[in-house]
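First up is the structure itself, then whatever we jot down about it.
Nothing in this text is a laboratory measurement; each read-out follows from the coordinates by a stated rule. Note that this is a predicted model, so its numbers are computed, not measured. Backbone-built Cβ (ideal geometry, glycine too); neighbour counts: all protein chains shown.
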Amino acid sequence: MNWVLQQLPILPIVIPLCAGALLVLLGGRSPRLANLLAFAALAATFACALALVLRADEGGVLAYRLGNWAPPYGIALAVDRLGGLMLMVVSVVALACQLAAGDREMPRRPLFAALLQFQVMGLNGAFLTTDLFNLFVFFEVLLIASYALLLQGNGREAVRASLHYVVINLIGSALFLLAVSLLYGVLGTLNLADLSQRIAQVAASDRALVTSAVLLLVVVFGIKSALLPLGFWLPRTYRAASMPVAAMFAVMTKVGVYSLLRLTVLLPAADASDDASALAMTVRQLLLWGGVATLLFGALLVLAARDLRALTCALVASSAGTLLLLLGVGTPATLQAVLLYLPHTTFATAAMFLITGLVVGVRGAEAADQLIASAGTERRALLGTAFAAAAVSLAGLPPLSGFVAKLFVLDSTRDAGEWGWIWAAVLAGSLAALVALARAGSVLFWKPAAGTTPDESRHHGPGVAAAPSSAPASIGTITGLAWLLSCGLVIAVAATPIARFADHAARELTDPRLYVESVLPAAEARP
Amino acid sequence: MAALLAIGIGLLTATGAYLVLRARAFAVILGLTLLSYAVNLFIFVMGRVAIDRVPIVRPGLETTVQSYSDPLPQALVLTAIVISFALTAVLLVIAVRAHAQSRSDHVDGGAP
């Protein structure tokens, strides 16, 4: 038992890897067995993530040395509260995605489940590793899986969107490698903890190189997290994906946000030498104003959306903007808000993507999810309720998780110098989301359906109308949706303990000494 | 030696960047390949240019930085080569499929 506990940090990588490999071997032979295996693996990953979160909440960073090579020579994994939380978010969304894809996608696309496992493996690895190059490798793992998942989407559109997505990510990878090797060339290490120590002591002649490397990293992570001038790929890519995949992709922008978070807290703080803190200030300012711009651009996209999936994509973009501007402020209070807002927005947008899938299912391919009145959604009380719950959460209205998260966002930025801009942007974003979601909801669920008069539907009576007209609603999608919404509800109900957890996590992050000491035990002894 | 490498990397990057900004998928893929060559060379050079030095400790050779070349960038470059090679293959498959769909090599699936 003790041995298992010791190996716990590697399990979120190993379990999906093994399950993915088995699923590839299984191929399309037994969709039922594949479904079961995939679900079991994800459930096990979720259990590991839960155990790691509980372990991390006791305080301290759990370091795991791969092959027992001592860092900075070997690669170490580390779980702190932030890492644990991200693992949880990934496994929650992955479970919902697998449930939603299980009965619809799996028979048609036998390798879907395997790809999902590899995607989860890449995400988990990225959240666990302490090595910059290893982070690059896990980025590539999750990106390769996401290319394949995206190609399983809507035919022509998916192929064209994939081309753009792959090209922009390959450019991002090239820049990432440039930055990583530049940092190695100057500082002689790739371990994040070691880097943070050496950046502070770098010679003045090398300062420009370090600055350019760090700013290159900001660009790379900005591409992943859809920071404004770099984020135009997002709406097109997400709308081309099939809806369960889009739900999984809702986590992908958060990888960029996570990496930027790790980067900003490991940069020398204001009390370091002037040049070093100037770098941290530049990065903060970039993120702050980039975040504000992304949020406002997302709000415009939200208002311009003509179908539900475009609306949800725009909400993903604007939530990324909110997270980035919080990183730009960078106080412990805003980091706490990041850690509350991030799971909330991921769950809510993923739920909205699943709802889009269900709406397309009941309205047929003709009307699909366009925001026009059409038959199919009348008497879908449950679907309407789910939409209302997700919409209320996304717009940040009480009593659901969005309200709590937005409250923390606003409250934490109160002391920032630019609070006027931030509040204006966040509130404008909420208003846009509220207007657009209310309009979408009333068109989709309240407008009398074109072609059926109220008389007709009354004649049929409840028994007939309740019978599914087109494709039967997928049980798996509904279960996945319920799971996501209830996780969102947990954030709202258990707001106090979660806020306390986030507060501890934020303090842990703003004091990177703990991270450095547990990842580099011999840090003091080294010259 | 270092100047030659720097010029080479610069040329590869410039050509790659120019090609990536073209509107034809073929040119873009070519550009990405050149960019990845430039990046690979860059990683390699970041371990400092050294001639006739071994990366693995050899008995009888003094264990100082002067007598060995840094093995880490070489390991990194191997990984980077494999990844960029695999991704170029993936991108080619996607480009061929896009071409088959729209009968056009334009990255937007037909000139606007």
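In terms of its C-alpha gyration tensor, segment A:1-120 comes out prolate, because a/c is 1.5 or above and the ratio a/b outweighs b/c. Karplus-based coupling profile of segment A:510-520, in residue order and whole Hz: 6, 10, x, 4, 4, 4, 4, 5, 7, 7, 10, with θ = phi - 60° in 6.51 cos²θ - 1.76 cosθ + 1.60 and x standing for Gly or Pro.
Listed by chain and number, the lysines whose C-alpha is less than 17 Å from the C-alpha of A:K224, apart from same-chain residues fewer than 8 away, are A:K254. Mean residue ellipticity at 222 nm, helices only, chain A: -25500 deg cm²/dmol; runs of at least 4 DSSP H residues each add -39,500 (n - 2.57), and the sum is divided by the number of residues.
At the listed q of 0.12 Å⁻¹, the Debye profile of the protein assembly as shown, built from one uniform point per Cα, gives log10 I(q)/I(0) equal to -1.32. Plugging the Kirkwood radius over Cα pairs into Stokes-Einstein for segment A:44-92, at a temperature of 10 °C and a viscosity of 1.306 mPa s, what D comes out in µm²/s? Translational D for this selection: 141 µm²/s.
Between A:S30 and B:I51, the simple spin-label model (points 7 angstrom out along Cα→Cβ) gives 6.4 nm.
Compactness of segment A:130-268, taken as the C-alpha radius of gyration over 2.2 N^0.38 Å, stands at 1.14. For every other residue with a beta carbon closer than 12 angstrom to the beta carbon of A:P497, add +1 if it is Lys or Arg and -1 if Asp or Glu, then tell me the sum. Around A:P497, the surrounding residues sum to -1. Applied to segment A:55-64, the Karplus parametrisation 6.51 cos²θ - 1.76 cosθ + 1.60 on θ = phi - 60° returns per-residue 3J(HN,Hα) values of 5, 5, 6, 6, x, x, 9, 8, 9, 10 Hz, with x for Gly and Pro.
With respect to chain A, whose longest principal axis is taken over its alpha-carbon atoms, helix A:274-304 is tilted by about 10°. For chain A, what does the relative contact order come out to in percent, with C-alpha contacts under 8 Å and a separation of six or more? Contact order relative to length: 16 percent. Here the extension length gained between A:D57 and A:A278 equals 76.3 nm, from 0.36 nm per residue of separation less the Cα-Cα distance. Sorting the segments B:1-10, A:306-315, A:213-222, A:241-250 by their residues' average number of neighbouring beta-carbon atoms within 10 angstrom, most packed first, yields A:241-250, A:306-315, A:213-222, B:1-10. For segment A:54-185, the average shadow cast by the Cα convex hull is 9.8 nm², which is a quarter of the hull's surface.
Can you give me the Rg/Rh ratio for segment A:99-177, using Cα atoms for both radii and the Kirkwood formula for Rh?
1.03
What the phi angles of segment A:390-399 give under the Karplus curve with 6.51, -1.76 and 1.60, with θ = phi - 60°, is a coupling list of 5, 5, 4, 5, 5, 7, x, 8, x, x Hz, glycine and proline written as x.
Amide H to amide H distances under 5 Å link A:D307 with A:L371, where only residues 5 or more positions off or on other chains count and H is placed in the peptide plane. Packing, as the average of other Cβ atoms within 10 Å across residues, places the peptides B:63-76, A:280-293 in the order A:280-293, B:63-76, highest first.
Placing pseudo-labels 7 Å out from each Cα toward the beta carbon at A:A200 and A:L303 gives an inter-label distance of 4.6 nm. FRET efficiency for the pair B:A86 and A:T385, taken as 1/(1 + (r/R0)^6) with r the Cβ-Cβ distance and R0 = 35 Å, rounds to 0.15.
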